[in-house]
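Below you'll find the structure, written out as structure tokens, and then a few comments.
The values are calculated or read from the model by the stated rules, or taken from the named source; none is laboratory data. Just so it is clear, the structure is predicted and the values come from calculations on it, not from any experiment. Here the Cβ positions follow ideal geometry from the backbone for every residue, glycine too, while neighbour counts run over all protein chains shown.
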């Protein structure tokens, strides 16, 4: 996970707890990258079905081992080997992704809405 991948409001794991990224976090990540040190306690959150439901996504359908989820007008395609991709007109767009912060960034870029985990 690199500082350039993060936006203010992204959610990551810090010491095993969900943490919302701030501007100072991004600055700290950037400084650590510049000086070659890492923050081992910070990790991206892997997307799971439970996490998708907590984000407000709903299960749409399953075909073989592939699944499709939706939230508003955003459709996500999941394949066990390839990971998650966005769907448009039944075609995958963009490259596959695996982590919550990546989904949050794509969602924000497409909808101008922040995607936050709900309890």
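I need the full set of residues from region 17-38 which are assigned to a loop (DSSP other than H, G, I, E, B) and at pLDDT below 85, in order please.
Those that are assigned to a loop (DSSP other than H, G, I, E, B) and at pLDDT below 85: 35, 36, 37, 38.
Please find, among 4, 58, 63, the residue that is surrounded by fewer than 11 Cβ atoms within 10 Å (Cβ to Cβ) and under 19 Å from residue 98 (Cβ atoms).
None of the others qualify; the one that does is 4.
Yes or no, residue by residue, for (1) part of a strand (DSSP E or B); (2) modelled with pLDDT of 85 or more:
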{"residue": "78", "(1), (2)": "yes, yes"}
{"residue": "84", "(1), (2)": "yes, yes"}
{"residue": "93", "(1), (2)": "yes, no"}
{"residue": "109", "(1), (2)": "no, yes"}
{"residue": "119", "(1), (2)": "no, no"}
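Just to be sure I understand, how many residues within region 39-49 are under 14 Å from the mean Cα position of the chain (by Cα), part of a loop (DSSP other than H, G, I, E, B) and exposed (fewer than 13 other Cβ atoms within 10 Å of the Cβ)?
The number of residues fulfilling the criteria is 1.
Can you name the condition, by its number, that residue 52 falls short on among (1) at pLDDT 90 or above; (2) in a loop (DSSP other than H, G, I, E, B); (3) in contact with a strand residue (DSSP E or B) (Cβ under 6 Å, 6 or more places away or on another chain)?
In the conditions (1) at pLDDT 90 or above; (2) in a loop (DSSP other than H, G, I, E, B); (3) in contact with a strand residue (DSSP E or B) (Cβ under 6 Å, 6 or more places away or on another chain), residue 52 misses (2) alone.
So which residues in region 7-19 are over 11 Å from residue 102 (Cα atoms), in contact with a strand residue (DSSP E or B) (Cβ under 7 Å, 6 or more places away or on another chain) and touching a residue at least 24 places away in the same chain (Cβ under 8 Å), if there are any at all?
Scanning region 7-19 gives 9, 13, 14, 18.
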